[in-house]
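Contents: one structure, followed by commentary.
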Amino acid sequence: MSDPLASRLKIMIVDTLNLRDVVAGEIPDDEPLLGSPRLGLDSLDALELVVRLEKEFGVRIGSSEESRRALTSVSALSAFIRSHQAPA
């Protein structure tokens, strides 16, 4: 069963970073986001993602270390968002 948050994040990553040759549904949940040859994300991409995540999900990523941990993979990002979102 697919995680709806992970699917949403994959689409957001592809859209935010204009990854024309990447199909969101084909990104493995555990693939590294930064430094991956397939995705090719760098520190500027990470910054763009952090800004979008803060707007989209209302989570605050306070430090570069926290950002590095959160952006390890789609799975890690999903877990970070779930643990830092304010209860509805």
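The values are calculated or read from the model by the stated rules, or taken from the named source; none is laboratory data. Keep in mind the model is a prediction, meaning the values are calculated, not measured. Quick reminder, even Gly has a Cβ in these numbers, built from the backbone with ideal geometry, and neighbours come from all protein chains shown.
Exactly one residue out of SER78, SER2 is in contact (Cβ under 8 Å) with a residue 24 or more places away in the chain, out of contact with any His (no Cβ under 6 Å at 6 or more places or on another chain) and either in a helix (DSSP H, G or I) or of a type in the set (S, T, N, Q) (or both), and it is SER78. Just so you know, in the range 25-75 the residues that are of a type in the set (Val, Ile, Thr) and in a loop (DSSP other than H, G, I, E, B) include one that is modelled with the lowest pLDDT, and it is ILE61. Here MET12 fulfils each of the conditions (1) of a type outside the set (Phe, Trp, Tyr); (2) at pLDDT below 95; (3) in a helix (DSSP H, G or I) apart from (2).
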